[in-house]
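Let me begin by presenting the structure, written as structure tokens, before commenting on it.
The values are calculated or read from the model by the stated rules, or taken from the named source; none is laboratory data. Bear in mind the structure is a predicted one, so any value in this text is a computation, not a measurement. Here the Cβ is made from the backbone with ideal geometry for all residues, glycine too, and neighbour counts use every protein chain on show. To get the accessible areas, we keep the full protein, side chains included, count just its heavy atoms, and leave off ligands, DNA and RNA. Shrake-Rupley method; radii C 1.70, N 1.55, O 1.52, S 1.80 Å.
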Amino acid sequence: MNIISIITDPDNLFDYDTGIYVFGRSYDASEQTHPVNRLYDSNYCMRGIDWERSAAIQLFDADRNLILDQVCGLRIQGGTSRHKLPKSFNLYAREEYSNSGRFYADLFHTNYMADTVTLFAGGDDEIAKCRDMLIARLAAGRDYAVMHYEPYVMFLDGEYWGIYWLTEKYDHAYLNYYYNVDSDNVILIKANSLAEGKQSDYVTYHEMTDYMTNTDLSSHENYNYACELIDMQSFIDYYATEIYIGQRDWPGNNEALWRVREIKDDKYSDGKWRWMLYDVNGFTILSKDYATEDTLAITLENSDMFHHLCQNEDFKKQFTITFMDLANSAFSKEKVTPAISEYINQMKEPAGVHLKRFFAFEDDNTFMTEMESVQTFFDNRKSYITQYLKDDLGLTGTLAPVTVEINDASAGSIVVNT
């Protein structure tokens with residue numbers, strides 16, 4: 001396992017007034033004013049630069065080679081997962097800490113030198129800690145953004161603090177590197193809130209959503225204009241993935257999208273909105289108990305944009321093709337089963353130590369039961385969700401197998417559907 005050591009003054013974490021890891025004075029002071037929701041007034045729920053603390057970090061690879069040694073900013077990360085233990089962290093490279101505005105190390109084997117990274121504790125996936133990483137890797141190459149994940153054992157002020165994923169943070173630096181767009185020309189929306197950009201950019205976002213939710217998109221002309229507003233394949237790939245994996249805490253919440261402010265003559269500077277996958281660790285996702293869930297019908301009911309688009313025959317055809325391609329490739333048994341086995345081989349022992357430390361589990365049964373639930377979900381999901389696809393979208397006909405034979409793999413390539 002890779003190792004990360006974080007050293008900071010203990011008061012930065014646990015002091016009653018200033019500690020970012022505790023309930024603290026903020027929680028106690030809200031007893032009278034917010035007795036029901038006082039949890040959200042805890043120190044660890046506070047945000048912004050005032051609740052950032054200085055920390056020295058060292059990162060080592062699995063062979064114990066030092067790959068990063070830097071002082072940076074430390075904050076608590078997450079939404080409702082802030083209430084869980086252990087907590088996730090954001091790490092910020094700033095010149096005031098170390099004369100460096102980036103982490104100059106190839107942390108994700110992509111040559112991306114990030115200015116902000118996240119130490120992710122798993123969110124609601126606190127037992128297996130696999131869902132965000134697994135889905136991102138299985139669906140890599142689709143037309144939405146994904147994060148890269150590297151596993152770490154963390155030591156906090158010298159004390160073992162469990163296993164984490166080191167991952168990227170969606171921001172202007174991420175978009176600049178992976179999509180070659182100007183950092184200062186980015187509009188980023190997360191959970192219906194402006195995460196990057198100017199306040200006036202929010203109008204641009206609402207102009208798009210208003211059109212998509214208040215227009216008859218069954219019209220060929222209107223649909224063509226919608227395709228100028230958004231990257232339709234990005235939207236389709238993203239929604240098909242979320243629906244397939246059983247996402248319920250969505251859409252709207254845990255949904256991210258971006259575009260450039262000023263249109264330029266570049267592939268990703270065309271002014272179209274594109275989607276970003278994140279926070280796919282809810283209790284319904286990849287759970288055997290929800291393999292039969294009709295999340296397509298739920299999404300049709302809860303997303304006006306998706307509902308309106310499904311009235312268009314061209315969209316419905318492309319969505320169906322994409323959905324089946326995901327079922328037959330990214331989420332196929334041939335791809336999923338080896339990925340799960342590889343994860344178990346890597347993480348079973350570290351997870352056992354982590355679960356003993358934080359949950360007092362003394363054996364491997366809890367971790368393995370959770371991983372078996374993930375495997376069972378994939379084993380059963382396709383037969384249910386493809387039937388819902390047919391029923392909910394009013395499709396006709398039957399599924400048909402396609403076999404492709406290539407006598408010389410070096411002679412070219414074959415694309416089927418997407």
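Among residues of the stretch 189-205 being more than 23 Å from the chain's Cα centre (by Cα) and either farther than 25 Å from Y174 by Cβ or free of Cβ contacts under 8 Å to residues at least 40 places away in the same chain (or both), the one that is surrounded by the fewest Cβ atoms within 10 Å (Cβ to Cβ) is Q199. Every condition in (1) open to solvent by less than 50 Å² (accessible area, probe 1.4 Å); (2) assigned to a loop (DSSP other than H, G, I, E, B) is met by A55 except one, and the failing one is (2). Considering (1) touching a helix residue (DSSP H, G or I) at 6+ places or on another chain (Cβ under 7 Å); (2) of a type in the set (A, V, I, L, M, F, W, C); (3) not in a helix (DSSP H, G or I), the lone condition that L39 does not fulfil carries the number (3).
With respect to the conditions (1) of a type in the set (G, A, S); (2) modelled with pLDDT under 95; (3) crowded, with 18+ Cβ neighbours inside 10 Å, G252 falls short on a single one, namely (3).
Evaluation of T110 against the conditions (1) touching a His at 6+ places or on another chain (Cβ under 9 Å); (2) hydroxyl-bearing (S, T, Y); (3) open to solvent by less than 10 Å² (accessible area, probe 1.4 Å) shows that the sole unmet condition is (3). Please determine, by comparing only the residues of the stretch 1-36 that are outside any loop (DSSP other than H, G, I, E, B) and of a type in the set (F, W, Y), which one is surrounded by the fewest Cβ atoms within 10 Å (Cβ to Cβ). Going through the qualifying residues, I end up with F14.
The condition of being open to solvent by less than 40 Å² (accessible area, probe 1.4 Å) and without any contact (Cβ under 8 Å) to a residue 60 or more places away in the chain holds for only one of A128, A105, that being A105. When you check Y268 against the structure, is it assigned to a loop (DSSP other than H, G, I, E, B) and either at pLDDT 95 or above or open to solvent by 30 Å² or more (accessible area, probe 1.4 Å) (or both), yes or no? In short, yes.
The set of residues from the stretch 372-418 being polar (S, T, N, Q), within 30 Å of E313 (Cα to Cα) and under 33 Å from the mean Cα position of the chain (by Cα) comprises N380, S383, T386, Q387, S413, N417, T418. In summary, F306 fulfils each of the numbered conditions (1) assigned to a helix (DSSP H, G or I); (2) open to solvent by 10 Å² or more (accessible area, probe 1.4 Å); (3) under 30 Å from S200 (Cα atoms) with the single exception of condition (2). A count restricted to the stretch 62-101 and to residues that are touching a residue at least 60 places away in the same chain (Cβ under 8 Å), surrounded by 15 or more Cβ atoms within 10 Å (Cβ to Cβ) and of a type outside the set (S, T, N, Q) stands at 4.
The sole residue among K316, K348, K390, K335 that is open to solvent by less than 80 Å² (accessible area, probe 1.4 Å), in a helix (DSSP H, G or I) and touching a residue at least 24 places away in the same chain (Cβ under 8 Å) is K316.
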